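See below for the structure under consideration.
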Amino acid sequence: DAKTTQPNSMESNEEEPVHLPCNHSTISGTDYIHWYRQLPSQGPEYVIHGLTSNVNNRMASLAIAEDRKSSTLILHRATLRDAAVYYCIRANTDKLIFGTGTRLQVFP
Amino acid sequence: NAGVTQTPKFRVLKTGQSMTLLCAQDMNHEYMYWYRQDPGMGLRLIHYSVGEGTTAKGEVPDGYNVSRLKKQNFLLGLESAAPSQTSVYFCASRGFTGGGQPQHFGDGTRLSIL
């Protein structure tokens, strides 16, 4: 099972948009793309997921490339509480396949 | 709403001791999962279950056993603990409908093996 590829870390200033990229070039046609985030000393928290179309919810937006080989999580206005490790994950019928994630730092 | 509850939250064991970690969910979810997370790493799947009475191996199953006798509970056992099993263990559950269902995670069990 090939894992996704993400930058190790990214930085943002508060109230600025953040675009977190993810490469999943070997994704199969039935795999969903999930994003979770993990705050220090907590379990992962679901953020958003999609299959082919772009998705929006109250937390974020997910932009999926037309060929599905990459995606971008968009936080429209970063807050200090958004500082976390963000995981881009392939999800097949049974399992999530975690990579090492992107550590997002948000500066006031 | 309890969601996913893990018991205990912390535990220290000596090498060779055995113990069982309990995961309970109150969302009537079919699927349940056990992961481990080592410092600076992502989560790795140990075992999972797609329904009551079923279990399957994940990425790192050696040294662990699991049971799913009741739909709401998923137990992770260490028969003979080793220092390499020092980690944070997370349980998760999700509903049935394919890869589009999000997983709900517990707060973790921090386990140290001396």
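Farthest toward the dipole's positive end in chain B, which of B:Tyr48, B:Trp34, B:Cys23, given Cβ charges of +1 (Lys, Arg) and -1 (Asp, Glu) about the Cα centre?
About the Cα centre, the residue reaching furthest to the positive side is B:Cys23.
How long are the three semi-axes of the equivalent ellipsoid for the range A:15-108, computed from the Cα gyration tensor as the root of 5 times each eigenvalue, in whole Å, largest first? Don't skip to the answer; put the middle values down first.
Working: eigenvalues 97, 45, 23 Å².
Working from the Cα gyration tensor, I get semi-axes of 22, 15, 11 Å.
Measure up A:Lys69/B:Lys57; A:Lys3/B:Lys57; A:Lys3/B:Lys71; A:Lys3/A:Lys95; A:Lys69/A:Lys95; A:Lys3/B:Lys9 against 24 Å on the Cα-Cα distance and list the ones that go over.
On the way: A:Lys69/B:Lys57 28 Å; A:Lys3/B:Lys57 18 Å; A:Lys3/B:Lys71 30 Å; A:Lys3/A:Lys95 12 Å; A:Lys69/A:Lys95 19 Å; A:Lys3/B:Lys9 29 Å.
The answer is A:Lys69/B:Lys57; A:Lys3/B:Lys71; A:Lys3/B:Lys9.
Under the √(5λ) rule applied to the eigenvalues of the Cα gyration tensor, what semi-axes describe the equivalent ellipsoid of the range B:17-75? Give them in Å, descending.
Calculated on Cα positions only, the semi-axes equal 20, 13, 11 Å.
Using the 4.7 Å Cβ rule, please list in number order the cysteines from the protein assembly as shown without any candidate partner.
Taking the Cβ cut-off of 4.7 Å, the protein assembly as shown has no unpaired cysteines at all.
When only C-alpha pairs under 8 Å and at least 6 residues apart count, what is the relative contact order of chain B, in percent? Could you put the intermediate results ahead of the total?
Numbers: 296 pairs, mean separation 39.9, N = 114.
Relative contact order comes out at 35 percent.
Can you compute the charge dipole magnitude of the range B:51-100 about its Cα centre, using +1 on each Lys and Arg Cβ and -1 on each Asp and Glu Cβ, nothing else charged? Give it in debye, rounded to the nearest 20. All intermediate terms of the calculation are to be shown ahead of the outcome.
Details: 5 positive and 4 negative charges, 54 e Å.
Computed charge dipole of the range B:51-100: roughly 260 debye.
Based on the alpha carbons, how large is the Rg to Rh ratio for the range A:48-89 when Rh follows Kirkwood?
Numbers: Rg = 10.9 Å, Rh = 11.2 Å.
My calculation puts Rg/Rh at 0.98.
Need one number for the protein assembly as shown: average projected area of the convex hull over its C-alpha atoms, nm².
Working: hull surface 48.0 nm².
Answer in nm², one decimal: 12.0.
Note the buried accessible area between B and A here, summed over both chains, with a 1.4 Å probe, in Å² to the nearest 100.
Working: alone 6160 and 6280 Å², together 10820 Å².
About 1600 Å² of accessible surface is lost on pairing.
Could you name every residue in the range A:26-42 that has 10 Å² or more less accessible surface in the full protein assembly than in its own chain alone (probe 1.4 Å, ligands and nucleic acids excluded)?
With the partner chains in place, the range A:26-42 has these residues losing at least 10 Å²: A:Tyr32, A:His34, A:Tyr36, A:Gln38, A:Ser41, A:Gln42.
Stokes-Einstein D for the range A:1-66 at 20 °C, 1.002 mPa s, Kirkwood Rh over Cα pairs, in µm²/s? The partial results should precede the final answer.
Details: Rh = 13.6 Å.
Value of D from the Cα-based Kirkwood radius: 158 µm²/s.
Under the rule of at least 5 residues apart or a separate chain, name every residue whose amide H is placed under 5 Å from the amide H of B:Gly3.
Correct list: B:Asp26.
Given a cut-off of under 8 Å on Cα pairs at least six residues apart, what relative contact order in percent is computed for chain A? Kindly include the intermediate steps, with their values, before the conclusion.
Values: 266 pairs, mean separation 41.0, N = 108.
It rounds to 38 percent for chain A.
Over all directions, what mean area does the Cα convex hull of chain B project, stated in square nanometres? Can you show the working numbers first?
Working: hull surface 26.9 nm².
Projected area, direction-averaged: 6.7 nm².
Mind checking the per residue accessible area of the range A:1-44 for me, 1.4 Å probe, whole number of Å²?
54
What does the charge count near A:Ser41 come to, summing +1 for each Lys or Arg and -1 for each Asp or Glu among other residues with Cβ under 12 Å from its Cβ? Display every interim value, and only then the final one.
Values: positive: B:Lys9, B:Arg110; negative: B:Asp107.
Computed value for this residue: +1.
Once neighbouring chains are kept in place and the probe is 1.4 Å, which whole percent of the accessible area of the protein assembly as shown is contributed by carbon and sulfur?
Values: 5320 of 10820 Å².
Roughly 49 percent, rounded to a whole number.
Quote the charge dipole size of chain B about the Cα centre in Debye, to the nearest 20; the model charges only the Cβ of Lys and Arg (+1) and of Asp and Glu (-1). Mind dumping the intermediate values first?
Working: 11 positive and 8 negative charges, 35 e Å.
Charge dipole of chain B: 160 debye, to the nearest 20.
The values are calculated or read from the model by the stated rules, or taken from the named source; none is laboratory data. Since we're looking at a predicted model, the values are computed, not measured. We place every Cβ from the backbone using ideal geometry, glycine too, and count neighbours over all the protein chains shown. Note: areas computed on protein heavy atoms with side chains; ligands, DNA, RNA excluded. Shrake-Rupley method; radii C 1.70, N 1.55, O 1.52, S 1.80 Å.
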